[in-house]
Amino acid sequence: MSEEKEKVLIIGSGPAGYTAAIYAARAGLKPVLYTGGQPGGQLTTTGDVENFPGYPKGISGPEMMMELQQQAERFGTRINYGLVTKVDFGGWPHKVTVDETKVIEAEAVIIATGASAKYLGLPSEQRLMSRGVSACAVCDGFFYRGTDVAVVGAGDSAAEEATYLANLCTKVYLIVRRGEMRASKIMQQRVLSNPRIEVLWNTETEEVLGDEEVRGIRVINNQTKEKREIAVKGFFVAIGHQPNTGIFKGLLTMDESGYIICKPGSTHTNVEGVFAVGDAADKIYRQAVTAAGTGCMGALDAERFLAAKEAVLS
């Protein structure tokens, strides 16, 4: 097994990882970044991005990630394709294994592994991804203004997505699998009192309809077994996200959902020299621009940590 020594190792790409790389590289830290299993992160499955500052005409998710990668490389970041398979934070420097074949000894580790949206698992859902199927109303809702859409889910996230879309869309169907919602009482009240939202209780989605783009959904009432087709242009899945942090379980402090907990006002984790940025530590905002902001924070925190460490050791 080969070994390498690095000043700064960034695990994961996407807006958080690439921004951390840009700042770390400009600080002369010569970072190395491993992209993970989905180079570019969630945005590579997004069609048009219109809410990221600096792109007045919008940009596709994959193109934006490519530009961020090129910007990071321009300042000297070494970007490698590979998956971190093991970490050892028991001592310092930290040891990270990539693809079970290479051990990297890093003085600072920035975790930017992101989170993955949970989906229903329907073949039609995957086929129409970014062509009417979305997991982020704030990201994509604008494209469906003035149309009918559907949201699936029963928690606070689904209630928030439905309420947000009701401000843009003609009608929002909220598909709830049971006869009640899991959302907080105040969020339920907002949903039930909104004339543009119709809740379909005891209902599940059987198929997302459409060839090149979403034209509707077929649902079934799980009590009466009655099926119906509903014409919609957008289908928003709001059944939660799963942070990609399993490999750090037991090593870093996390909440009950697996999101890494950082010290307030920083990206510092409970382990010295390990920093968490982007959606791996953010279950509230989950936006590209906030991920990029924490990526900047992570690089600055790492730079200050290394400077303090060097002063102590010198």
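No lab work stands behind these numbers, since they all come straight from the coordinates. All of these numbers come straight from a predicted model, not from anything done at the bench. As a convention, Cβ positions derive from the backbone with ideal geometry for all residues, glycine included, and neighbour counts pool all protein chains shown.
A few notes on this one:
- The alpha carbon centroids of segment 1-49 and segment 238-314 are separated by 14 Å.
- With both labels modelled 7 Å from their Cα along Cα-to-Cβ, the R26 to Y164 distance reads 2.8 nm.
- Distance violations [Cα-Cα > 26 Å] among K7/K86; K7/K57; K57/K283; K95/K118: K7/K57; K57/K283; K95/K118
- Normalising the Debye intensity of segment 119-237 to I(0), with uniform scatterers on Cα atoms only, and taking log10 at q = 0.10, 0.23 Å⁻¹ returns -0.25, -1.39.
- Extension gain from R78 to F143, taking 0.36 nm per residue of separation minus the Cα-Cα distance: 19.8 nm
- Per-peptide average of other Cβ atoms within 10 Å, ordering 84-92, 19-27, 155-163 highest first: 19-27, 155-163, 84-92
- Ordering of 1-14, 193-206 by packing is 1-14, 193-206, highest average first (other Cβ atoms within 10 Å, averaged per residue).
- Alpha-carbon gyration tensor eigenvalues x 5, square-rooted, for segment 230-314, Å: 33, 15, 8
- Annotation: aspartates and glutamates with alpha-carbon distance below 17 angstrom to K249 (same-chain offsets under eight excluded): D88, E272, D279, D282.
- Counting DSSP beta bridges with both ends in segment 119-237, the antiparallel % (nearest 5): 40
- For a straight C-alpha distance cut-off of 18 angstrom, the aspartates and glutamates reachable from K185 (same-chain residues fewer than eight places away being disregarded) are D156, E160, E161, E198.
- A straight chain from T253 to R304 at 0.36 nm per residue would run longer than the Cα-Cα distance by 16.2 nm.
- Angle in degrees between helix 156-166 and the longest Cα principal axis of the chain, rounded to the nearest 10: 60
- Listed peptides 102-111, 181-190, 222-231, 284-293 by packing density, highest first (mean Cβ within 10 Å): 102-111, 284-293, 181-190, 222-231
- Cα long-axis angle, helix 61-74 against the chain (0 to 90 degrees, to the nearest 10): 10
- Distant-in-sequence amide H partners of L33 (H built 1.01 Å from N, under 5 Å): I10, R78, I79, N80
- Measuring from each cysteine beta-carbon in the chain, the ones with no other cysteine beta-carbon under 4.7 angstrom are C169, C262, C296.
- Backbone N atoms of segment 138-173 closer than 19 Å to the 7 Å Cα→Cβ label point of E198 belong to residues 145-154, 159, 162-173.
- The ellipsoid equivalent to the alpha-carbon distribution of the chain has semi-axes of 40, 20, 17 angstrom, derived from the gyration tensor eigenvalues as √(5λ) and listed largest first.
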